[in-house]
Structure formats: C-alpha cells, structure tokens
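One structure below.
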Amino acid sequence: MVLEVVRKETKMDTQKRFPSRLSAFFALLLAAIILLPTYSAASPKSKYAADEIIVKFKGDGSRRLSQLSIGTNIKTKRMIPKLDYISLKLPKGIDAEKFIATLKKDPSVEYAGRNHLVRLFLAPNDPIYYYGDEVWGMPQWGLYNDGYNNGYGGKVRADIHAEEAWNVTTGSQNVPIAVIDTGMDYTHPDLASKLWTNPNEIPNNGIDDDQNGYVDDVHGWDFVNGDNDPMDDHMAYVLFDYYRFYHGTLVAGVAAAAGNNYEGIAGVSWGSPVVPLKVVRWDDYGTEDDVAAAIVYAVDLGIKVINISLGMADTPLLKDAVDYAWSHGALCICASGNDNLNAPTYPAAYEHALAVGATNRYDQRAFDSNWGSNYGPWLDVTAPGDYIVSTGPLLYDLGIAMEQYDTESGTSASAPAVSGIAALIWSVHPEWTNQEVAFQIMHTADDIGASGWDQETGWGRVNAYRAVTESILQVSKIGDLKRLPPNTSVKLTGKKLSTSSGSIAGRLYVQEPNRSSGIALAFSGTVPTGLSAGQIIDVMGTVGSVSGWGTVSGERAIIDPIITIKSAGDPPKPIAMNNKTVGGGSLGLQGGVVDRYYAPQSFASGLNNIGLLVRTAGKVTYATYGFFYIDDGSKLKDGSGYTGVRVDCGQLAPPEPGAYAAVTGISSCEVVQGANARRRVLRPRTQSDIKIIKQAP
C-alpha cells in the first residue's frame, strides 16, 4: 500500500508564546547561567540529549506552560499536558546542568532534569512458521517448539502454545497493539494489512478531526519528526556500511504479523492491528519525552496494549506516563533488557509495567557470550527471545535472503510475544480490566524455574493457551476461599484491610467488612507499600497455603495478589475472644488448631477465625525476643512446652513474664513441626496492639 503523508504542525504550535511573566522568568534564568560550549547532538555513549531538558511546574505553572513557547531563545520541544511536563531545547552555549540546578531552586518548579536517551533491546500456511527462515533455517520455535527445530535442538513444547490458543482466538480488529519503537515498515507483505486506521480521523484534510493534538494521524504518529508517517527507517552498521535493520518492524512482526496468508511468518495475535508510534530515529537516537508522549497518545486513543521494547533511565516523566496508562486501563508491556544483570531496567521495573525477560529453546533464561536477559525482583514473566524469526530486511539487503525476514535475539523479541497474548486475552474477554489481564498473563505462565515466582524467570514462561482458556473465579465471600483447591485464580471485591504495609513481615491480611472471615495475602517478594488498615480493596491472586514463613506452614492465603484500593475506610475493630476461641476449628481446607498437642490430644471445635483481627488477654507465661505466650486459664498446650496462646511479635517488644496483657492481632496458625497439627498464633501489628493490664511483680 502507499501511505499518503501530509507533514503539518500539530496543535502544539511551537511558534506560540508563553505569558510575559514566564518569558521574563526564563530570560532572567538565562542571564544567570555561565555560557559554556555545548554540542547539539549526543555522542554514542551519552545518556541524555546534550541540549534538552525536561521541566514540571507546580500547580498552575504547568497549565500556563501549556500555552507553549518562551520569549527567549529557549525552544519548546514537546508539551505533554496530560502529565504536566514540558521538554525544552536550550540555545547553543547554555550549560544544561547549571540551568537545571538553577531551575531546581525555584519554588514553582517541581522537577527539572535531562532528557534521557532510550536504547533498543535487540542483541544483534506461513512457510517460515513451518519450515524456518531461508538463511538460518530457524522455525518460529517460540510459537511451536518440536524439540528438533530443523536441527537446532530444543525442549519439546518449550513455547507459548500459540497453536492451541489460535483455536480459541487469533485476535481481534478491536484490540490494536501500539508499538512504541523505530516505526514500522507498513509496506512489508506480512504487515501491510496490519496497519491500524484511526476511525475518528479523515485522511489528509489538514484537520485534527479527533482533536487529540495530532493532525491527520490516520495510521499512528512519528514523534521524532513530528509528522503522521511512522515509517521505519532504522539502520544498522554492518560490514562497513549502514543497512536497514528496522527494529520496530521486527517487534511488530512478533506481536501481530499476518497469519494464515501463505506469507512468511505469523504473529502471536495476527488478528490485531498494529499502531506504529515512532520514537527512535534511524541512528538509534530517541528521547524519553517522545516515549512518554507516545504512551499518552496511545492511551488517549483507547489502545490497551502498549509494547515498549526500549530501555532508559528511571525518570519521573517516564514513571508518570506508565502510571497514566495503568490508571486509564492500558497495560505497558516492557522488555527487561539484555545486560545479563540483576539490575532494574526502566520502564520495565515500574510497578505498573509488565516486565518481560527472554527464554531460549530449552525453557531457560536466555543468555550467551554477548548478551543475557536481565533479571531481578521486578521481573514478571519470560517469553521466547532467542533466535526469533520476524519481519526484517537486513539479510535481504545484504543479498543473503530472498525475502525480508530476519532472526533476532533479545528481550525486544520477548515483550511483543506477551503483548500479543494480552491482545488475545482482551479479544476473548473485552470486559476485563488491565489488572485482570496482567494477572492472567502472570498466573497462567508455565513455571520453569524455582517453584512459584523467582527472579530468574518471574512467574515463568508465558502460555497463550492457558491465558485465553483459564478463568478467574469471582468469589463473594472470603470463607469460600478456604474451600477452594490450591492454584485456583480468584478475585475478591470490596474487602477491608486489617493490616498495613510493613506491619507484618511478608504479608497483609484482609477480612469481610462484617468481620465474618479473613485471610492472609502472602507475598514472595516485597509487600506493596502505601496500604493502610481500613482501606477497602479488590484482590486478585492464587489460592494456596502459606509456607516458608520461618519453618512452619498451614495457613490458607491468596498468594502474590494484585491489589486495587477502592476507597478509604475506618480501621477494623477486633473481635474479643478468650484464648480457647482463637483460631477455631476446621473450615474447608483450612485446618483448625490444636488445644492439647500431647495425649490425650484434642482440637478446637469452634468457628474458624483464622485471618480475622481479634483480641485476647492473659498472663504472660513465657517471653523472649520475637514471641511470647499468654494464658487466661485455658491451659492450652501446643507442643512447645509453654502454656497458652503463642504471640509472634517480631521486632515488637514483648511484655515481661508474669505481666497481664491484652493483645490485639491477627488470628493465625502454623504447623507444629513433625506433626499434622496446627498451633494458634496471634500476630500483633504494632506496639500499641500489646497493652499491659498489670505489670509483672
């Protein structure tokens, strides 16, 4: 196809002026800066654009800045009104660091910093799907791995199970995938039919019909050149010359190349259109402000799947853009990086991004002599990323191949596979939220590393078939969770937090607002911050039994949940109980607690209250660092040799033996080592939960 291009300025006209007050502000600022030689272009090893900065003003300042350019030689490069940021191009001779330092001293400035550069994450009846590309002979093993792979070897079905998923859905025209990258070759035979069309824009009329600030953005946008032609022109230096490499085109092909068209390859979601958003020019040069603007652009168009196979520094602008996408129902799916390091890469490491690492044909974290998939506590999932065949012209231009297909490695190839899966899920479940889609991707992954989540492979290698067929069970009552088998994916809504972030190590607790039942939320990594007792939340996670807490286990829990705060609320009030009532009898698969461990052994028979906030009192019969026992005369024996209810106080100060104390905490339990019996455990949250009624004599 031929794309007619009209190069026009957008509504963000850089010839407009700021109010005179702001003009004076920047004029005075310039006068205060010592002029030093600078360069207009960044060197290959630079981390940021030499002559560009990013500023965010407080309050009305950012809104005033939306009136655009400045009455000085400073030029407005880009406005991002939805995020209240502006990027500026400094005149020649201005020392950017000194200019930023001066800005930071102004009370109206919330943030000022460099405009950081991005980097790409590639490590330098569809015939290729079945038979392999013509040069290397590598098939699309990431979609179907037969273990042979034309002699390259591998592990049988170490793939995303795409064929099985395609029997359910091949994607939908209503679920486009935004590819924020170097653009896309929309003339490629496997991508020409995949180019998204803006339904609210009339082509080439010179009018911003959908009033989104971009004129004639019929098929996406080129943020590098400021026009409506997102054609890929990315080059690679090979054999002493530059050749077309087309990073964005390769990425787009993995996500959504046309399938079942007797041409080349098949993308994961080959029924989905691609929205090419160009933020990197031909020579790998791209900046964070363009990436942020592209994210906002996609979100404001209602696009839910956003692929970012790029990396850059951790900056407020980038984080705010990813958070903006999340808060508006979109999902940023990001490559983890290829440095073979346990180190965060951004935007992948942000809380509201889905971080994707790479696997090889043997279901291992991908790495070799010159690259490796980054890993760490922020990694969510992995996907095939080693020798991935996709739409690329390099071998064709070198005269090696007859068709424009190439083989790529790196997390840049892994992320679009997951973006394709996200599009497949939304095609089947258009009503799902981004939280549900992210949860589904993570919790239907095949566990290929250490049991459960691990920092090498996250939740595992993604599985498209499981993602489009397995369901998330909506459960109305917490008590019902205790009857469900392990590994059931569940969603709870409108429940009250009974603990706050950090009050109990490794977990939170949630209960019914009417205090009828409660349950643990257990985390294999860090507990999310910013959560307070009393907040009303929604929870998605996998039902299981808490283990690895010290040397004990036995408590039902929702494992590694995704939490959404719905509203504030009053802190829950504890239920007063005597010692013998704490814990209670069995409920479903949640075992009850033991009253007397040694013969004649006896177990509790009351209502199960494990997971609820309760209060009980008694005399301190034993105390040491980390725990103590209280007894109200019930003479409970849990096999420890001490009498009463065990109170695990962690780093809280225990009372003296012989004192009388009232303790508020979570009714909990743990398995007595070497026995199939659970002892009562009370878990106070703060020091104020331990009240001394009478001091020890």
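Listing for the model above:
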{"item": "Among residues of the range 662-688, those that are among the small types (G, A, S) and surrounded by 23 or more Cβ atoms within 10 Å (Cβ to Cβ), counted", "result": "3"}
{"item": "Matching entry among Y152, Y111, Y129 (being modelled with pLDDT of 90 or more, closer than 30 Å to A255 by Cα and of a type in the set (S, T, Y))", "result": "Y152"}
{"item": "Among residues of the range 449-467, those that are in a loop (DSSP other than H, G, I, E, B) and not aromatic (F, W, Y), counted", "result": "10"}
{"item": "Members of the range 625-654 found to be more than 41 Å from the chain's Cα centre (by Cα), farther than 12 Å from V582 by Cα and among the polar types (S, T, N, Q), listed by number", "result": "S640, T643"}
{"item": "Search result, residues across the range 567-583 that are in a loop (DSSP other than H, G, I, E, B) and closer than 21 Å to K496 by Cα", "result": "A568, G569, D570, P571, P572, K573, P574, M577, V582, G583"}
{"item": "Cβ-Cβ under 8 Å pairs, at least 6 apart or on other chains, the range 252-267 side assigned by TED's automatic domain parsing to the domain that holds I180 and under 17 Å from A165 (Cα atoms), far side outside any loop (DSSP other than H, G, I, E, B) and charged (D, E, K, R)", "result": "A256/K194; A257/K194; A258/K194; G267/K194"}
{"item": "Top-ranked residue of the range 249-265 - restricted to ones that are small (G, A, S) and touching a Leu at 6+ places or on another chain (Cβ under 9 Å), ranked as surrounded by the fewest Cβ atoms within 10 Å (Cβ to Cβ)", "result": "A258"}
{"item": "Residues located in the range 295-326, provided they are closer than 23 Å to S427 by Cβ, out of contact with any helix residue (DSSP H, G or I) (no Cβ under 8 Å at 6 or more places or on another chain) and assigned to a helix (DSSP H, G or I)", "result": "Y297, D300"}
{"item": "Some residue of the range 470-487 being modelled with pLDDT of 95 or more, among the β-branched types (V, I, T) and within 19 Å of N609 (Cα to Cα)", "result": "yes"}
{"item": "The range 356-396, residues that are part of a strand (DSSP E or B) and either touching a Lys or Arg at 6+ places or on another chain (Cβ under 6 Å) or outside the structural domain of E408 (by TED's automatic domain parsing) (or both)", "result": "T359, T382"}
{"item": "Conditions (1) modelled with pLDDT of 90 or more; (2) more than 30 Å from the chain's Cα centre (by Cα); number of the one not met by T72", "result": "(1)"}
{"item": "Leading residue by the ranking (farthest from P561 (Cα to Cα)) among those in the range 400-439 that are in a loop (DSSP other than H, G, I, E, B) and of a type outside the set (A, V, I, L, M)", "result": "E403"}
{"item": "Some residue of the range 584-604 being in contact with a strand residue (DSSP E or B) (Cβ under 6 Å, 6 or more places away or on another chain), under 23 Å from S500 (Cα atoms) and not assigned by TED's automatic domain parsing to the domain that holds I478", "result": "no"}
{"item": "Selection count, the range 464-490, where residues are charged (D, E, K, R), closer than 27 Å to G585 by Cβ and either surrounded by 19 or more Cβ atoms within 10 Å (Cβ to Cβ) or within 26 Å of the chain's Cα centre (by Cα) (or both)", "result": "1"}
{"item": "Yes/no for T493 being of a type in the set (S, T, Y), at pLDDT below 95 and either touching a Gly at 6+ places or on another chain (Cβ under 9 Å) or not assigned by TED's automatic domain parsing to the domain that holds L587 (or both)", "result": "no"}
{"item": "Some residue of the range 161-171 being touching a strand residue (DSSP E or B) at 6+ places or on another chain (Cβ under 9 Å) and more than 20 Å from S409 (Cα to Cα)", "result": "yes"}
{"item": "Among residues of the range 218-244, those that are closer than 19 Å to L120 by Cα, more than 30 Å from the chain's Cα centre (by Cα) and of a type in the set (D, E, K, R), counted", "result": "1"}
{"item": "Count of residues meeting criterion [assigned to a loop (DSSP other than H, G, I, E, B) and either within 23 Å of the chain's Cα centre (by Cα) or not hydroxyl-bearing (S, T, Y) (or both)] in the range 152-171", "result": "12"}
{"item": "L143 vs. criteria modelled with pLDDT of 95 or more, crowded, with 20+ Cβ neighbours inside 10 Å, outside the structural domain of G311 (by TED's automatic domain parsing) and at negative phi", "result": "yes"}
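So that you can scan it fast, the table gives a plain yes or no per residue for (1) aromatic (F, W, Y); (2) at pLDDT below 95; (3) buried (at least 22 other Cβ atoms within 10 Å of the Cβ); (4) touching an Asp or Glu at 6+ places or on another chain (Cβ under 7 Å):
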site: A358; (1), (2), (3), (4): no, no, yes, yes
site: S369; (1), (2), (3), (4): no, yes, no, no
site: Y405; (1), (2), (3), (4): yes, yes, yes, yes
site: T411; (1), (2), (3), (4): no, no, yes, no
site: L424; (1), (2), (3), (4): no, no, yes, no
site: A438; (1), (2), (3), (4): no, no, yes, no
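The values are calculated or read from the model by the stated rules, or taken from the named source; none is laboratory data. Fair warning: this is a prediction, and the values are worked out from it, not measured in the lab. Positions of Cβ are backbone-derived with ideal geometry, glycine not excepted, and every protein chain shown enters the neighbour counts.
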